[in-house]
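What follows is one structure encoded as structure tokens, with my remarks underneath.
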Amino acid sequence: MLDRLEAELATSDANVVRIHAGDALSGTLYYTLFGGEADAALMNEACFDIFELGNHEFDGGDARLAEFLDDLAAGDCPPEVLAANIRPALGTPLAPEAADDYLQPYVVKEYDGRQVAFIGIDVAQKTKVSSSPLETTEFDDEAETLQRYIDQLSARGIRHIVGVTHQGYDKDLDIAARLRGIDVIVGGDSHSLLGDFDGVGLTSQGEYPTQVTDATGHAVCIAQAWQYSWVVGHLAVGFDQAGNVTSCGGRPTLLLGDVLTAGVDPATALAEATAATNGSVAQVDPDPQAELVLSDYATQVTALSERVIGSASAKICNARFPSDGRSTLCTRAELPQGGQAQQFVTDAFLARAFRADIALQNSGGVRIDLPPGPITIGDVYTLLPFANTIYEIDLSGAEIKLGLEQAIGNVVDAGGSTGAYPYGSGIRWDLNLNQPFGSRFTNLEVRPKGTADWVPLDPEGRYVVAANSFMATGGDGYTALRDAVRDGRGVDTFLDYAQTVVDYIEQDAAGVIGPPAEFSTKSFTPKA
């Protein structure tokens, strides 16, 4: 589709740049098996000019990211890798000899004699606490970093400046209004669909492109292209000689493979979808070379993923926060206590972590709904796609409550990932987001293993808590867990957390699972 679009644009003498705004690495079986090698191979087929790092690029740490960037650099068309607000320490994997060994703050390209600067920005707070960068890798404020480089580039006489940001659509809108001299923002992170897709049943978050003004009153074009290569965004921007934006156009194109609509001829379905979106739908055929590159990886993934390990007796739905609308199978009203999938996973961890009194799981580590019917290994590794192991941590009751407060504080007070929301097994609580830090969790109760009765959590009591390695190292703000591990009170069981759920389904649940009967969140009061 990129080649087809560029061929069309060539007839209009357009200057084209291919941009990837981050999260090339995400939790899939391909990442589980190949650690980014397969992702790099396919990105090298697409030939992006610019790649901005996203928070998920750090899920495997700086060393794994460096390996991925090496794989990209070994291709025939390596992209410029941008990250202006990321500063790895010298001597670490991303800066073995110099700060710019792997990452550049910006790149300047020339089109028809005009210089255009592209500055890359990653979301700072979310990456620091919801991925796994080295502690020595620093993340600077997004807006301050952008303005600093805008000023430097403007002083060099560069009048056309594009921010390539991985921080979310709403933050792009906010930051554009505060900056001076930004012309274009191509963003990622929030998986925002922009454009008019009501005719095919999809709800967007705004216009494509969205035009706003910066702090000086000049126009800024903002675009984002949804997720998972489902959309190719074509952003067309015109400038005058002074560098001001004079036109802000283009459109997103929803990519379709086989058009399958019950009772409707595929050609008719495609024509109707095209008409309903004013031409923003295209049917694409697989690229033969890309299919060839993918085939060896796909064969290995398919062989593993297709083995059936059990079944779901009913739908098991995904939600980060109670009633957050994330599920595609359940309504908001069906999930007043949060995600069934998250609670199921947490219950499985407690069952398989034989020393543990309590299990905790961050909601963002659980990714999909499970529909009724067969469950394969592939389903479980898609449900739990990250390379985590299970830790057993010795904590006091007071430390458990502090960890819960820290996680919710990371969301409510620090604007961190909503994936920090906690789920527990062997523990339950009431949660009110309108209370101050330290008072949001009340009526905490625990149910010791082998008993049927709930008793109050003892602040002075000692408990063994099972949690994934991401949380155990302080991810999503769970610093109380990290501090206990550093204090020598945590043991990595080296049990793969997805395999733990596979074992639970096969060995503990006799191959049949369903939605949980109890939830750790007894009552939830959202922010007023």
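The values are calculated or read from the model by the stated rules, or taken from the named source; none is laboratory data. These numbers were taken from a predicted model, which means no experiment stands behind them. Reconstructed Cβ throughout: ideal geometry from the backbone, glycine too, with neighbour counts over all protein chains shown.
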Looking across region 215-243 at residues that are modelled with pLDDT of 95 or more and closer than 20 Å to Q147 by Cβ, the single one that is surrounded by the fewest Cβ atoms within 10 Å (Cβ to Cβ) is G217
#### Entry: Flag if V164 is in the same structural domain as G243 (by TED's automatic domain parsing), under 18 Å from P252 (Cα atoms) and either in contact with a Leu (Cβ under 9 Å, 6 or more places away or on another chain) or part of a helix (DSSP H, G or I) (or both)
yes
Counting only strands (runs of 3 or more DSSP E) wholly inside region 301-417, the ones holding at least 1 residues that are over 22 Å from M471 (Cα atoms) are 308-312, 373-376
Open item on the list: Can you confirm whether L433 is crowded, with 19+ Cβ neighbours inside 10 Å and touching a Lys or Arg at 6+ places or on another chain (Cβ under 9 Å)?
Closed with: no
Check: When you look at D172, is it part of a loop (DSSP other than H, G, I, E, B), in contact (Cβ under 8 Å) with a residue 24 or more places away in the chain, out of contact with any Leu (no Cβ under 9 Å at 6 or more places or on another chain) and surrounded by 16 or more Cβ atoms within 10 Å (Cβ to Cβ), yes or no?
Finding: no
For region 325-344, check the following and say yes or no: at least one residue is modelled with pLDDT under 95, surrounded by fewer than 21 Cβ atoms within 10 Å (Cβ to Cβ) and among the acidic types (D, E).
no
By residue number, the members of region 244-297 that are modelled with pLDDT under 85, surrounded by fewer than 16 Cβ atoms within 10 Å (Cβ to Cβ) and part of a loop (DSSP other than H, G, I, E, B) are G257, D258, L260, A262, G263, D265, N278, G279, V284, D285, P286
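Give the residue, chosen from R148, R180, that is modelled with pLDDT of 95 or more and part of a loop (DSSP other than H, G, I, E, B). Please lay out each step first, then the result.
On the way: R148 fails: part of a loop (DSSP other than H, G, I, E, B).
One residue alone meets the criteria, R180.
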Only unsatisfied item for F354, checking (1) surrounded by fewer than 22 Cβ atoms within 10 Å (Cβ to Cβ); (2) under 25 Å from A517 (Cβ atoms); (3) in contact with a helix residue (DSSP H, G or I) (Cβ under 6 Å, 6 or more places away or on another chain), is (3)
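On the given criteria, is I375 free of Cβ contacts under 8 Å to residues at least 60 places away in the same chain, of a type in the set (A, V, I, L, M) and in the same structural domain as L395 (by TED's automatic domain parsing)? Spell out the reasoning first.
Numbers: free of Cβ contacts under 8 Å to residues at least 60 places away in the same chain: no; of a type in the set (A, V, I, L, M): yes; in the same structural domain as L395 (by TED's automatic domain parsing): yes.
For I375, the condition - free of Cβ contacts under 8 Å to residues at least 60 places away in the same chain, of a type in the set (A, V, I, L, M) and in the same structural domain as L395 (by TED's automatic domain parsing) - is not met.
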When every residue in region 310-324 that is under 23 Å from I375 (Cβ atoms) and surrounded by 17 or more Cβ atoms within 10 Å (Cβ to Cβ) is compared, the one farthest from the chain's Cα centre (by Cα) is G310
Of the residues in region 175-197 that are charged (D, E, K, R) and without any contact (Cβ under 8 Å) to a residue 40 or more places away in the chain, the one that is nearest to G54 (Cα to Cα) is R178
Only one of A7, A14, A24 is under 20 Å from G187 (Cα atoms), hydrophobic (A, V, I, L, M, F, W, C), assigned by TED's automatic domain parsing to the domain that holds D101 and modelled with pLDDT under 95, namely A24
Taking region 510-528 and keeping residues crowded, with 20+ Cβ neighbours inside 10 Å and among the small types (G, A, S) leaves S520
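Every residue, every condition in (1) in a loop (DSSP other than H, G, I, E, B); (2) over 26 Å from D487 (Cα atoms), yes or no:
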position: G424; (1), (2): no, no
position: N434; (1), (2): yes, yes
position: F437; (1), (2): yes, no
position: L444; (1), (2): no, no
position: K449; (1), (2): yes, no
position: D453; (1), (2): yes, yes
position: P459; (1), (2): yes, no
position: V465; (1), (2): no, no
position: F470; (1), (2): no, no
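T500 - would you say it is closer than 26 Å to K126 by Cα, hydroxyl-bearing (S, T, Y), surrounded by 15 or more Cβ atoms within 10 Å (Cβ to Cβ) and within 24 Å of the chain's Cα centre (by Cα)? Talk me through it step by step, then tell me what you get.
Numbers: closer than 26 Å to K126 by Cα: no; hydroxyl-bearing (S, T, Y): yes; surrounded by 15 or more Cβ atoms within 10 Å (Cβ to Cβ): yes; within 24 Å of the chain's Cα centre (by Cα): yes.
Here the answer is no, as T500 does not meet what is asked.
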